[in-house]
1. Out of curiosity, is S81 closer than 17 Å to A144 by Cβ and open to solvent by 50 Å² or more (accessible area, probe 1.4 Å)?
2. Please work out which residue is nearest to A144 (Cα to Cα), limiting yourself to the stretch 18-32 and to residues that are exposed (fewer than 15 other Cβ atoms within 10 Å of the Cβ) and in contact with a Lys or Arg (Cβ under 9 Å, 6 or more places away or on another chain).
3. I need the full set of residues from the stretch 63-96 which are outside any loop (DSSP other than H, G, I, E, B), at pLDDT below 90 and either among the hydroxyl-bearing types (S, T, Y) or under 15 Å from G123 (Cα atoms) (or both), in order please.
4. Kindly establish whether E142 is open to solvent by 50 Å² or more (accessible area, probe 1.4 Å), in contact with a Lys or Arg (Cβ under 9 Å, 6 or more places away or on another chain) and closer than 20 Å to F29 by Cβ.
5. How many residues are in a helix (DSSP H, G or I), of a type in the set (A, V, I, L, M, F, W, C) and surrounded by 15 or more Cβ atoms within 10 Å (Cβ to Cβ) if we restrict to the stretch 97-118?
6. Any idea how many residues of the stretch 1-17 are within 23 Å of Q147 (Cα to Cα) and modelled with pLDDT under 75?
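The values are calculated or read from the model by the stated rules, or taken from the named source; none is laboratory data. Please read all numbers here as calculations on a predicted model, not as lab measurements. Don't worry about glycine lacking a Cβ; one is built from the backbone with ideal geometry, like all the others, and counts go over all protein chains shown. Remember, those area values only see protein heavy atoms, side chains included, never the ligands or the DNA or RNA. Shrake-Rupley method; radii C 1.70, N 1.55, O 1.52, S 1.80 Å.
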Amino acid sequence: HDRAFLERVVTDALILDGGGSAARHPGGFAAWDQDRRAAGGKRATLGRPSGSEASPGGPSADRATGDGAGRRSKASSGRSSSTVGHLLRQTEKEMAKLERRKVTLEAELADAGDDHQALADLGAELAEVGSALTEVEERWIELAEEQEARG
């Protein structure tokens, strides 16, 4: 949910085109976004479906522009700015709650010692919380991009 943090730790971005294809792009989101804009400035704003014609950046640039077009259409899905803001705040609260639970579980895991059953149970719950946190963070990113697209 923190783009600056992600830029520090992410080395590659997996770009999904919405049509079942994926491409790996070195450098993370900022590098992909910069390449996407450089490869087809006009094309990226037209929102053409991916694969309709070749772009200077090759197939991965086609997929990237298709993906961005999908987000732009979602941004104009009829939700008001205040609704998006409300959803963002709710998502941030949910993230904070899950992060607190994750910290608690990690502490309990450290205190479990040699109790293998407790370690297994805590590990399973920690994995579930981690998965839920990832989903919530992805939802937050989508909402933040929607709000940013609205201006």
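1. Numbers: closer than 17 Å to A144 by Cβ: yes; open to solvent by 50 Å² or more (accessible area, probe 1.4 Å): yes.
Yes, satisfied.
2. To start, the set of residues in the stretch 18-32 that are exposed (fewer than 15 other Cβ atoms within 10 Å of the Cβ) comprises 18-20, 22, 24, 26, 30.
If we keep only those that are in contact with a Lys or Arg (Cβ under 9 Å, 6 or more places away or on another chain) too, we end up with 18-19, 22, 30.
Values: G18: 19, G19: 23, A22: 23, A30: 15 Å.
Looking at the filtered set, the residue picked out is A30.
3. Hits for the stretch 63-96 are T65, S73, S81, S82, T83.
4. Numbers: open to solvent by 50 Å² or more (accessible area, probe 1.4 Å): yes; in contact with a Lys or Arg (Cβ under 9 Å, 6 or more places away or on another chain): yes; closer than 20 Å to F29 by Cβ: yes.
The answer is yes for E142.
5. Taking the stretch 97-118 as the starting set, the residues that turn out to be in a helix (DSSP H, G or I) are 97-111, 116-118.
Still in the running and of a type in the set (A, V, I, L, M, F, W, C): 98, 103, 105, 107, 109-110, 118.
Cutting the leftovers down to surrounded by 15 or more Cβ atoms within 10 Å (Cβ to Cβ) gives us 98, 105, 109.
Here the count works out to 3.
6. Within the stretch 1-17, the first condition is being within 23 Å of Q147 (Cα to Cα), and the residues that meet it are 1-7, 13-17.
Next, only the ones that are modelled with pLDDT under 75 stay: 1-7, 17.
Of the residues in that region, 8 qualify.
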